[in-house]
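What follows draws every value from the coordinates through simple rules; no lab data is involved. Predicted, not measured: the structure shown is a model, and the values here were computed from it. Don't worry about glycine lacking a Cβ; one is built from the backbone with ideal geometry, like all the others, and counts go over all protein chains shown.
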Amino acid sequence: MAVTLPGGDLEGRLESYLEGLRNRHGLEDGGVEGNVARVVVKPADVPAVLATAREHLGVLHLSFITVVDREGSFELTYELLDLRGGRVRVKTSVEGEEPVVPTVTGVYPTANWHEREAYDMFGIAFAGHPDLRRLYMWQDHFDHHPLLKSFEISTKRTFEGLR
Amino acid sequence: MLGEERRIESASLAGRAEGRLASPDIRDEFGLETIEMNMGPQHPAMHGLLRLILELDGETVVRCDPVMGYLHRSKEKISENRMYPAVIPITDRLDYFNNIAMEYGYCLAVEDLLDVEIPPRAEALRALTSEISRLMSHIPSIGFLLLELGAFTPILYAFRERERMQSIMEAITGARMMFHYIRIGGVKADLPEGIAEQIWEYIEGLEQRVQPDFVDLIEGNEIFIARTKGVGQLTQDKAIDMGLTGPPLRCTGVDFDVRKHYPYGWYPNLDFDVITDEAGDVEAAYRVRIGEIRQSIRMIRQILENLPEGEVMGDLGRRLRPREGDGFGRVESARGEYAVHVVSDGSDTPYRVHYRTPCTVNLQLLQEIVPGHYLPDIMPIMGLVDPVSGAWDK
């Protein structure tokens with residue numbers, strides 16, 4: 001029942017996280033910056049990479065999932081914490097209007113609502129999600145995804161020309 | 001109506017439903033069926049605007065589905081259309097019981113993208129106001145828990161304390177609730193004359209009052225124990241799986257505190273303990289909060305004893321343009337880990353701001369833990385999570 005959290009020196013641990021991920025998966029990019037082990041992977045690899053992080057490397061906590069609309073592609077950031085000073089940041093990027101990303105709820109059950117929020121705000125479908133409904137906005141009669149850059153708000157201001 | 005299969009699965013999650021549910025034979029014989037019921041969003045005892053869709057078998061909950069969005073103000077979208085400093089008052093309105101932590105996280109995230117040195121006095125004042133803000137949140141949350149259990153006195157004591165702290169914060173920041181005190185690069189203003197002595201005096205008094213007003217009055221009470229002991233029982237594995245942080249995680253015995261394990265600001269200079277408890281139920285969360293009140297008092301003392309001199313604002317340009325990239329800020333709010341992710345494209349306004357509020361994540365607990373409990377147990381469980389409407393709805 002008791003949860004064991006990792007110990008020992010932080011820099012060695014971050015290196016071991018990066019090595020562990022590099023040995024098991026094909027990473028597009030990776031490195032240690034400060035107290036973050038940062039990796040870039042393909043969207044299809046995300047659940048496998050996160051499963052390695054959780055099951056083999058002991059990174060137990062998914063802090064959040066951020067989606068950034070890059071107008072044409074979406075950038076997803078999965079921030080993982082080992083609860084003892086180390087962070088693992090997994091980045092991925094998907095193209096297209098209505099992209100599909102595999103869910104990570106099987107690895108981190110807490111991702112359930114994070115993914116529902118991402119679906120609500122950006123329209124990203126998470127394949128295999130057990131309960132993909134909107135989290136904040138209306139369930140019916142609302143076809144928009146408000147955080148897309150194409151969703152214009154009436155009070156949009158620009159600060160050009162301001163000194 | 002739920003299928004029999006899902007009902008059993010859902011109820012087994014909490015492991016308490018055995019013997020409480022009507023047996024299928026009896027149900028068939030008497031034609032019983034489960035009842036779907038709404039609790040909230042305007043329920044008198046509900047914390048803020050949360051709607052729970054409950055499926056009841058008698059008085060036992062077999063399914064709980066939280067529905068959010070009744071206070072959604074799209075803070076992330078608003079933040080994208082404002083200049084960096086103008087986002088701070090928006091973050092204030094996220095967790096309106098612990099605003100300083102919300103401002104602090106956002107400012108840390110923007111400072112991650114700026115090369116600005118925060119003066120030590122500003123760091124100390126940030127920690128000081130954070131801890132006062134934590135007290136302003138923990139004390140009423142104990143009051144609310146007791147109010148929902150039917151005890152009216154503790155909420156009066158709690159708001160007496162909060163009122164005095166609001167007066168102190170008003171003297172420091174100029175506002176009673178939406179402080180807008182922590183700024184990018186420092187804090188708004190230095191402490192006014194004589195306020196340090198006032199805080200010291202107040203803290204001395206509060207320390208005397210915690211034991212009689214919030215511990216002796218509550219802890220041994222038979223009704224309190226009956227309503228909270230073993231209710232909302234969590235295990236460490238479940239808490240970690242659900243991504244809980246803050247008192248709901250610490251009451252299971254996992255000693256994780258952002259201030260200790262991901263230190264920021266002035267906290268490495270302070271000596272404090274991470275309070276944990278083994279039981280993992282509502283009563284344990286209450287004990288953790290009492291312990292944290294004492295630790296906050298201890299920290300405020302240390303900050304006031306060694307308050308550095310000097311400026312309270314770093315050297316920033318007139319127009320704030322953080323470099324391109326990702327900025328992260330993470331603080332321990334009264335309810336758990338609060339993180340902000342700011343994406344900058346080098347212009348005046350953030351390209352994207354993401355708030356990871358602890359309330360949203362901790363609320364996921366309800367759909368896992370409530371099935372199997374009696375209907376009136378929901379309120380103590382809400383007291384365990386202690387969510388704030390503004391924070392979970394963004």
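Less than 5 angstrom separates the built amide H of B:A45 from none of the residues sequence-distant by 5 or more or on a different chain.
The angle between the Cα long axis of helix A:10-24 and the longest principal axis of the Cα atoms of chain A comes to about 80 degrees, rounded to the nearest 10. When the Gaussian network model of chain B links Cα atoms closer than 10 Å, the mean-square fluctuations of B:Y70, B:Y264, B:Y181 top out at B:Y70. Each Lys or Arg adds one and each Asp or Glu takes one away; over the other residues whose Cβ falls under 15 Å from the Cβ of A:G26, this sums to 0. Listed by number, the DSSP H helices of chain B that run 15 Å or longer by alpha-carbon position along their axis and have mean Kyte hydropathy of at least -0.5 are B:99-111, B:120-148, B:153-173, B:282-305.
Given the pairs A:K91/B:K188; A:K42/A:K149; A:K42/B:K260; A:K149/B:K75, which span a C-alpha to C-alpha distance of over 25 angstrom in this model? Over 25 Å apart, Cα to Cα: A:K91/B:K188; A:K42/B:K260. Taking amide H as placed 1.01 Å from N in the peptide plane, the amide H of B:G246 sits under 5 Å from that of B:E337, each at least 5 places away or on another chain. Mind checking which of A:G96, A:G86, A:G30 has the largest fluctuation in a GNM of chain A, springs on alpha carbons under 10 Å? Its mean-square fluctuation being the largest, the pick is A:G96.
Residue by residue along A:63-73, Cβ atoms of other protein chains within 10 Å of the local Cβ number 5 on average. Annotation: amide H of B:S333 within the under-5 Å range of B:Y338, sequence separation 5 or more or interchain, hydrogens built in the peptide plane. Phi angles of segment B:252-261 translate, via the Karplus equation with coefficients 6.51, -1.76, 1.60 and θ = phi - 60°, into HN-Hα couplings of 8, x, 7, 8, 10, 9, 4, 4, 8, 9 Hz per residue; Gly and Pro are given as x.
Where q = 0.13, 0.14, 0.15, 0.20 Å⁻¹, what log10 of I(q)/I(0) comes from the Debye formula for segment B:254-340, counting one point per Cα? Each listed q corresponds, in turn, to -0.61, -0.68, -0.76, -1.08. Which net charge results when you count Lys and Arg as +1 and Asp and Glu as -1 among the other residues whose beta-carbon is under 11 Å from that of A:G58? That works out to +1. Loop-located GluC sites (Glu not before Pro) in segment B:208-278 (DSSP state not H, G, I, E or B) with no more than 12 neighbouring Cβ atoms inside 10 Å: B:E278. Spin-label model, B:A171/A:E15: points 7 Å from Cα along the beta carbon direction are separated by 5.3 nm.
The Kirkwood radius of segment B:242-394, taken over pairs of alpha-carbon atoms, gives through the Stokes-Einstein law at 20 °C and 1.002 mPa s a diffusion coefficient of 120 µm² s⁻¹.
Averaging the sequence gap over all C-alpha pairs within less than 8 Å and six or more residues apart, then dividing by the number of residues, gives segment B:155-305 a relative contact order of 20 percent.
Quick check: the distance between the Cα centres of segment B:79-123 and segment B:224-244, to the nearest angstrom? Using only Cα atoms to place each centre, the spacing works out to 32 Å. The phi torsions of segment A:72-88, fed into the Karplus equation with coefficients 6.51, -1.76 and 1.60 and a -60° offset, translate into couplings of x, 9, 10, 10, 10, 10, 9, 9, 10, 10, 8, 6, 9, x, x, 10, 10 Hz, rounded to whole numbers, with Gly and Pro shown as x. To the nearest ten degrees, helix A:111-122 and the longest principal axis of the Cα atoms of chain A are 30 degrees apart. Dividing the summed helix terms, -39500 (n - 2.57) for each DSSP H run of n ≥ 4, by the number of residues in chain A produces a 222 nm estimate of -6000 deg cm²/dmol to the nearest 500. Think of it as helices only: each DSSP H run of n ≥ 4 in chain B is worth -39500 (n - 2.57), and spread over all residues that comes to -13000 deg cm²/dmol at 222 nm. Note: relative contact order over segment B:243-311, using C-alpha pairs below 8 Å and six or more positions apart, is 33 percent. The value of relative contact order for chain B, using C-alpha pairs under 8 Å at least six residues apart, is 28 percent. Distance between the pseudo-spin-label points of B:D345 and B:N306 (7 Å out from Cα toward the beta carbon): 4.5 nm.
Model label sites at B:E324 and B:T153, defined 7 Å from Cα along the beta-carbon direction, differ in position by 6.4 nm. Peptide A:131-137 has a mean of 4 when you count, residue by residue, the C-beta atoms of other protein chains within 10 Å of its C-beta. Our note on the geometry: Cα centres of segment A:85-152 and segment A:24-70, 17 Å apart. A Stokes-Einstein calculation at 25 °C with viscosity 0.890 mPa s, built on the Kirkwood radius of the protein assembly as shown over Cα pairs, returns a diffusion coefficient of 100 µm²/s.
Diffusion coefficient (Stokes-Einstein, Kirkwood radius over C-alpha pairs, 37 °C, 0.692 mPa s) for segment B:102-245: 185 µm²/s, rounded to a whole number.
Working ranking of peptides B:106-116, A:7-17 by packing, defined as the average number of other Cβ atoms within 10 Å per residue, highest first, is B:106-116, A:7-17.
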